[in-house]
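Only one structure is covered here, and it is reproduced in the block below.
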Amino acid sequence: MFEQCLYFNTTSLARQLEREWTGAFKPFGLTPSQAFMLRVVLDKAPLLQSELAKEMNISRPTATRALDGLERLTLIKRQASEKDGREQEIHPTKKAMEMKDAINSASVAVAKRLKKSLGTSHFEEAVDQIRGISSALK
């Protein structure tokens with residue numbers, strides 16, 4: 001019925017992938033969204049909330065909610081920004097930095113499992129196509 005429906009098929013895929021990454025990040029007490037956001041913060045800090053939202057392709061209010069959760073978990077801290085007085089810089093805490101390798105390894109393990117199931121070239125082509133579609137729809 002929905003063989004040619006982009007929405008139905010991408011959301012179905014998203015639910016399956018959500019289960020994969022939920023299992024990977026559960027030992028850290030993080031949702032996939034929180035873990036991916038923390039990975040960006042760990043790799044690109046300090047960055048402004050607007051920069052983080054752009055990098056994650058989410059709205060600023062969505063970024064705020066996710067950052068609030070990471071702050072409650074004492075994984076990030078916010079500081080006044082010298083770049084833009086209207087925003088705060090996002091920095092990882094020591095606790096977050098100590099988790100960095102393990103979080104990245106957990107994500108890599110999921111990607112390896114998916115590449116094994118799908119074949120590396122099919123996996124990479126799918127990611128490239130999805131990124132291209134997302135960019136074209138902006």
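General remarks:
- Residues in the stretch 95-105 that are without any contact (Cβ under 8 Å) to a residue 24 or more places away in the chain and not acidic (Asp, Glu) were compared, and the one that is most open to solvent (accessible area, probe 1.4 Å) is Lys95.
- Those residues of the stretch 50-64 which are more than 14 Å from the chain's Cα centre (by Cα) and not hydroxyl-bearing (Ser, Thr, Tyr), in sequence order: Arg60, Pro61
- Flag for Leu42 being modelled with pLDDT of 95 or more and either of a type in the set (A, V, I, L, M, F, W, C) or on the phi > 0 side of the Ramachandran plot (or both): yes
The values are calculated or read from the model by the stated rules, or taken from the named source; none is laboratory data. Please read these numbers as outputs of a predicted model, since none were measured by experiment. So basically every Cβ, Gly included, is an ideal-geometry build from the backbone, and we count neighbours across all protein chains shown. SASA here: full protein model, heavy atoms, side chains in, ligands and nucleic acids out. Shrake-Rupley method; radii C 1.70, N 1.55, O 1.52, S 1.80 Å.
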